Amino acid sequence: MTRSIQELTAKISALPEPMQQEVFDFVEFMHTKAARQSSLSAKHEPALLSEQALAADWNRPEEDEAWASYQ
């Protein structure tokens, strides 16, 4: 991993300053995106964990009949 970081640093350093700023902006965007995805995952984790337990109740013929009029 260190070699890759060193290579990236060298390549970024060789770019003109405006392009270095673009790289920085992109990295900031990726950090924000990762944080947002992590936050969403944590927010929906309880629902995902209960899905298997609730599926036993949801996947019954009676449930299909009860919701048929809404399709």
statement: Filtering region 1-21 down to residues that are surrounded by 10 or more Cβ atoms within 10 Å (Cβ to Cβ) and either acidic (Asp, Glu) or not in a helix (DSSP H, G or I) (or both) yields Glu7, Leu15
message: Residue under question is Leu40, and the condition is that it be open to solvent by 100 Å² or more (accessible area, probe 1.4 Å) and among the aliphatic types (A, V, I, L, M); does it hold?
response: no
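Here's the yes/no breakdown for (1) modelled with pLDDT of 90 or more; (2) among the aromatic types (Phe, Trp, Tyr); (3) under 16 Å from the mean Cα position of the chain (by Cα); (4) open to solvent by less than 100 Å² (accessible area, probe 1.4 Å):
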residue: Val23; (1), (2), (3), (4): yes, no, no, yes
residue: Leu49; (1), (2), (3), (4): no, no, no, no
residue: Asp57; (1), (2), (3), (4): no, no, no, yes
residue: Gln71; (1), (2), (3), (4): no, no, no, no
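The values are calculated or read from the model by the stated rules, or taken from the named source; none is laboratory data. Predicted model, so just to flag it, every value in this text is computed and none were measured. Neighbour counts are summed over all protein chains in view; Cβ atoms, including those assigned to glycine, are modelled from backbone coordinates with ideal geometry. With ligands, DNA and RNA removed, areas are computed over all heavy atoms of the protein, side chains included. Shrake-Rupley method; radii C 1.70, N 1.55, O 1.52, S 1.80 Å.
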